[in-house]
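The values are calculated or read from the model by the stated rules, or taken from the named source; none is laboratory data. Only a predicted model underlies this, so the values are computations on that prediction, with no experimental measurement involved. When we count neighbours, we look across all protein chains shown, and the Cβ atoms used for this are built from the backbone with ideal geometry, even at glycine. Accessible surface areas use protein heavy atoms only, side chains included; no ligands, DNA or RNA. Shrake-Rupley method; radii C 1.70, N 1.55, O 1.52, S 1.80 Å.
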Amino acid sequence: MRRFLEELKYLNRDMAKSTKIILLIIFGYFLYNIIGGVIFKPIMLLNIIILIISLLIHELAHGAMAYLCGDSTAKDYGRLSLNPLHHLDPLGTIFPIILIFLGSPFIFGWAKPVPINYWRLKYGRLGEFLVAIAGIVSNIILALIGLILLKYTEIFGMSNILSSLCVYMIRLNILLAVFNILPIPPLDGSRMVASVVGGELRETIFSLDQYGIFIILILNMVGILDNVIGSLAEFLVKILIGVVF
């Protein structure tokens, strides 16, 4: 926890004091609502735990695949750890939690990117592609596990709470998988594209990383993002249901 707070302080070291105070007030307000929500709706706490585990496994998958492909950078930086504080990005974790309590139908979040040294990867561009797609595959596997659990909760007539958690686990991980497969820097989809193209296009993809969040927000505001994600999510759900049922 100390390391997490120190990193948060370092990342925001140049922020104006007035801005910090405003953000602290906003954070305090949402924290108050989160605590109240957990007290009156304990299932929300379980949803947040599922969210954190899903983000953690997504990043672990990237690091583990990089390690298998010859790059130990993630391991050297302690990113092959099960400790959530080694992976979670403060904003990327708080933002989806806020969306959960606001009842938003569209929830996405992110963790700190796993450090990758592309020069150390085996198999060249194939290694890059495998590292990029590993996180998406991990979310699809988690959604598949949720479907299997849901199938057996229905067979054995288990509690509605457990069924609700399974549905949330399925929905969240399908959204994370579909969201990350979009070819928008710095999402995994852009890294997959970069692994198969060269020259100026590859350089452009990496150079757009800093503008990715703005691209995502704009696409979301005009409704394009919601439509694309909805269509891809529906397609993926049909495939997974066909596999399990």
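Data table
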| item | result |
| --- | --- |
| Count of residues meeting criterion [over 24 Å from I140 (Cα atoms) and assigned to a helix (DSSP H, G or I)] in the stretch 220-245 | 1 |
| Residue in the stretch 188-227 that is farthest from F129 (Cα to Cα), counting only those that are at pLDDT 90 or above and β-branched (V, I, T) | T204 |
| Any pair with Cβ under 9 angstrom, 6 or more apart, that starts in the stretch 135-148 at a residue that is touching a residue at least 40 places away in the same chain (Cβ under 8 Å) and ends at one that is outside any helix (DSSP H, G or I) and buried (at least 17 other Cβ atoms within 10 Å of the Cβ) | G135/V114 |
| Where a residue in the stretch 112-123 is closer than 20 Å to H58 by Cβ and part of a loop (DSSP other than H, G, I, E, B) and its partner, wherever it lies, is open to solvent by 80 Å² or more (accessible area, probe 1.4 Å) and not charged (D, E, K, R), with Cβ under 6 Å and at least six apart | P115/Y77 |
| Single residue of L217, L232, L201 found to be of a type outside the set (D, E) and surrounded by 15 or more Cβ atoms within 10 Å (Cβ to Cβ) | L232 |
| Selection from the stretch 167-191 of residues that are of a type in the set (A, V, I, L, M) and open to solvent by 30 Å² or more (accessible area, probe 1.4 Å) | V167, M169, I181 |
| In the stretch 62-81, the residues that are within 13 Å of A111 (Cβ to Cβ) and open to solvent by 20 Å² or more (accessible area, probe 1.4 Å) | S81 |
| One residue from G135, G146, G127 being open to solvent by less than 10 Å² (accessible area, probe 1.4 Å), on the phi < 0 side of the Ramachandran plot, in contact with an Asp or Glu (Cβ under 6 Å, 6 or more places away or on another chain) and modelled with pLDDT of 85 or more | G135 |
| Some residue of the stretch 183-201 being in contact (Cβ under 8 Å) with a residue 12 or more places away in the chain and more than 25 Å from P113 (Cα to Cα) | no |
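Quick grid of which residues meet (1) among the charged types (D, E, K, R); (2) touching a helix residue (DSSP H, G or I) at 6+ places or on another chain (Cβ under 6 Å):
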position	(1), (2)
S163	no, yes
L176	no, yes
E200	yes, no
A233	no, yes
I239	no, no
